[in-house]
Amino acid sequence: MRSLGLKLSKSPKKKLDPIDLQIIRALEEDSRVSLRKLAHRIGLTPNIVHNRLDSLEHEGVILGYVPVVDAAKMGYALTAIIMIQVEGEHIVEVENEIAKESNVLSVYDITGEYDAVVFAKFRDNASLNGFLKKLLTERFIKRTTTLIALTAVKEYTKII
């Protein structure tokens, strides 16, 4: 996957009103909807909806517009959850390097025995194995534990 080139917010800055929430819900259902149709669904003029969208984008609430794809149909049927222990002062550096990998979906700081968790998609066990071996050659990674997802019960980023 390619990066959207957008920075994730660390804390909410904008209070969302009911109209903002309607716009977001509609876009989560169909991000390709025309401005005119979106405005009609919400009961506002296209100009007002356009201004609202600009504000939501500017505030970082809406980060981008991307298709939702079936990873398995694209050849990435294996989902791995990789927990990583890192030498303390190098956590951010390691996370940023891992996040650059094309098959990495997300990287999170976590609490507990591990420092980070990575969600990634792979074509097969061999590509996962190669990824893990590459991770373990990184000098600041102390240990990894890998889980393989058997079934995806929910795998969609819809928030509201």
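Here is how the numbers come out for the structure above:
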read-out: Of the criteria (1) touching a residue at least 40 places away in the same chain (Cβ under 8 Å); (2) surrounded by fewer than 18 Cβ atoms within 10 Å (Cβ to Cβ); (3) more than 15 Å from the chain's Cα centre (by Cα), which one Lys134 fails; value: (1)
read-out: For Glu155: the one exception among (1) surrounded by fewer than 11 Cβ atoms within 10 Å (Cβ to Cβ); (2) closer than 26 Å to Ala26 by Cα; value: (1)
read-out: From the options Leu44, Leu4, residue that is modelled with pLDDT of 95 or more and outside any helix (DSSP H, G or I); value: Leu44
read-out: Residue match in the stretch 121-132 (condition: in a strand (DSSP E or B), modelled with pLDDT of 95 or more and not assigned by TED's automatic domain parsing to the domain that holds Asp30); value: yes
read-out: Residue within the stretch 122-130 that is surrounded by fewer than 17 Cβ atoms within 10 Å (Cβ to Cβ) and closer than 30 Å to Ile24 by Cβ present; value: no
read-out: Count of the stretch 79-89 residues which are out of contact with any helix residue (DSSP H, G or I) (no Cβ under 6 Å at 6 or more places or on another chain) and modelled with pLDDT of 95 or more; value: 6
read-out: Number of positions in the stretch 137-152 that are modelled with pLDDT under 95 and either assigned to a loop (DSSP other than H, G, I, E, B) or surrounded by 15 or more Cβ atoms within 10 Å (Cβ to Cβ) (or both); value: 4
read-out: Close pairs (8 angstrom Cβ cut-off, 6 or more residues apart or separate chains): in the same structural domain as Phe140 (by TED's automatic domain parsing) in the stretch 98-113, charged (D, E, K, R) anywhere; value: Ser102/Arg2; Asn103/Lys121; Leu105/Lys121; Val107/Glu95; Asp109/Glu95; Asp109/Asp115
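For (1) in contact with a strand residue (DSSP E or B) (Cβ under 8 Å, 6 or more places away or on another chain); (2) surrounded by fewer than 17 Cβ atoms within 10 Å (Cβ to Cβ); (3) over 30 Å from Phe122 (Cβ atoms); (4) without any contact (Cβ under 8 Å) to a residue 40 or more places away in the chain, each residue gets a yes or a no:
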| site | (1), (2), (3), (4) |
| --- | --- |
| Ile24 | no, no, yes, no |
| Glu28 | no, yes, no, no |
| Leu35 | no, yes, yes, yes |
| Ile48 | no, yes, yes, yes |
| Arg52 | no, no, yes, yes |
| Glu59 | no, yes, yes, no |
| Gly64 | no, yes, no, no |
| Val68 | no, yes, no, no |
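The values are calculated or read from the model by the stated rules, or taken from the named source; none is laboratory data. Because the structure is a prediction, the values reported are computed rather than measured. Glycine also receives a Cβ, built like all others from the backbone with ideal geometry; neighbour counts cover every protein chain displayed.
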